[in-house]
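Each remark here refers to the structure printed beneath this line.
Any read-out appearing in this document is the output of simple, stated calculations on the displayed coordinates, not a laboratory observation. Model, not experiment: these values are computed from the prediction. No Cβ is skipped: glycine too gets one built from the backbone with ideal geometry, and neighbour counts run over all protein chains shown.
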Amino acid sequence: MSKKYDWDLIERLLHEVQNGAGKPFAPRKHAEELAQAKAQVGESVESLDALKMQAADLEALLLKRGFIASRPEEEGGNGENFILTALGSRLLAMIDSSIPGNDHPRQVLDEQADALDPATFEQASSKAQVAHGVI
């Protein structure tokens, strides 16, 4: 059985990491912003509290698995924010909703047992890039 992730939430978190120099990373706040953005386009979120908790869990998972790392002080690090690693940059490029055709890479990731396992991600991302014509 494959583990499903909320790619919209992960995308939002990775964008916030990318733009987070000098600011503390606040995954629960970013989850709330995502819920508000979804509400504005008529989509609903089952439980805001559950989404906030999921965002905090994803922060820990993305850090533990090497998609994000502590931001160095010389890059605006304050001990409470992160940078994207090469792995995190590739993940964001795959799932970024501003890039046309991002549905297929998300589908490829959803087909994996655990798409955020680094070894699994390496394999899946190469498949998605080839299928998507991004190599």
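Observations, loosely collected:
- Exclusive hit being in contact with a helix residue (DSSP H, G or I) (Cβ under 8 Å, 6 or more places away or on another chain) and farther than 18 Å from ARG12 by Cβ, set ALA124, ALA115: ALA124
- Checking each residue in the stretch 9-46 for being outside any helix (DSSP H, G or I) and within 20 Å of LEU84 (Cα to Cα) picks out ASN19, GLY20, ALA21, GLY22, LYS23, PRO24, PHE25, ALA26.
- Positions within the stretch 71-118 being assigned to a strand (DSSP E or B) and over 25 Å from LYS23 (Cα atoms), in sequence order: ASP114
- Qualifying residues in the stretch 42-94 (those that are closer than 22 Å to ASP8 by Cβ and touching a Gly at 6+ places or on another chain (Cβ under 6 Å)) - the one surrounded by the fewest Cβ atoms within 10 Å (Cβ to Cβ): THR85
- On the stretch given as the stretch 47-70, residues that are touching a residue at least 40 places away in the same chain (Cβ under 8 Å), within 17 Å of LEU84 (Cα to Cα) and either in contact with a strand residue (DSSP E or B) (Cβ under 6 Å, 6 or more places away or on another chain) or outside any loop (DSSP other than H, G, I, E, B) (or both) total 6.
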